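*Asks:* If you scroll down you'll find the structure; I have some questions about it.
The numbers here are math on the coordinates, done by the rules we state, and not lab data. Note that this is a predicted model, so its numbers are computed, not measured. Because the Cβ atoms are built from the backbone with ideal geometry, glycine has one as well, and the counts that use them run over all protein chains shown.
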């Protein structure tokens, strides 16, 4: 699905998420100030951490306004790229791998998600699910932005991270309880495809995932060997008890798959990461529950 169509389809819940982020900016920033990523970087004062949190929340709101929650190049991120780069670099200098930094970014999602579900306590279940899905994808995109900025800091930082490049190339994101994803960016070769398979299978076992999403939105093209690796990854995930969903197949890649005669008839595919996450949540029977004490029950 072209980016314009994706933005149109998810525009309404994304814009609602943007309004929520601005409405609750202060509370989110206060909660984030106590998370390791902010607390350990901004050590002069807590106010400094809160101010940084406000800036990141505002950037996320700007991205959500445009409905481009999956796009790491969305203009809304421009205002905080330098700040995110410095934060990531500071954690790297403290001895954390890129995978560790990625985990710290992911820890920012639950505080925001709990506030969102509380805000939407009286909304229809479908609206809550759509907004939570948009926020989850948006936070996953933030994680990719941080990883990209860390890698672009310069040759010295790249050399320091070189032992961890497999983790950077294939970060496994836990989007939801029982749902993991590998958002791939850049060129895939056979060696990297093998790392993708190993990382995803390890995550399925470690996190007891029922759904594994391979998002190849950021992959420009694949060759015969890579396509076969992806198919083997899908088959291996099934053997581990997880359903694998492939999302973000570009037209050029679709033509390659057809030309190679590969049968995707048994593989679940979705247009984008948000579609894949929504599918996994529906299939797992996930219910959105009010976070407000004494609020309504499962919707």
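*Asks:* For Cα pairs less than 8 Å apart in space and 6+ apart in sequence, what is the mean separation divided by the residue count of segment 19-133, i.e. the relative contact order in percent?
*Replies:* Relative contact order for segment 19-133 comes out at 27 percent.
*Asks:* In nanometres, what is the gap between the two model label sites at residue 30 and residue 260, each 7 Å from Cα along Cα-to-Cβ?
*Replies:* Here the modelled spin labels are 5.2 nm apart.
*Asks:* Rounded to the nearest 0.05, what FRET efficiency is calculated for residue 239 and residue 127 with R0 set to 30 Å and r the Cβ-Cβ distance?
*Replies:* Efficiency at R0 = 30 Å is approximately 0.20.
*Asks:* Would you mind ranking 106, 275, 100 by Cβ crowding within 10 Å, fewest neighbours first?
*Replies:* 100, 106, 275
*Asks:* Hey, with R₀ at 30 Å, roughly what FRET efficiency would residue 114 and residue 93 work out to, going by the Cβ-Cβ distance, to 0.05?
*Replies:* The value I calculate is 0.45.
*Asks:* So how many Å³ per residue does the convex hull of the Cα atoms of segment 170-290 work out to?
*Replies:* Once divided by residue count, the hull of segment 170-290 is 96 Å³.
*Asks:* Express in nm, to one decimal, how much length is gained between residue 271 and residue 223 on full extension, taking 0.36 nm for each residue of separation and deducting their alpha carbon distance.
*Replies:* Additional length available on full extension: 15.2 nm.
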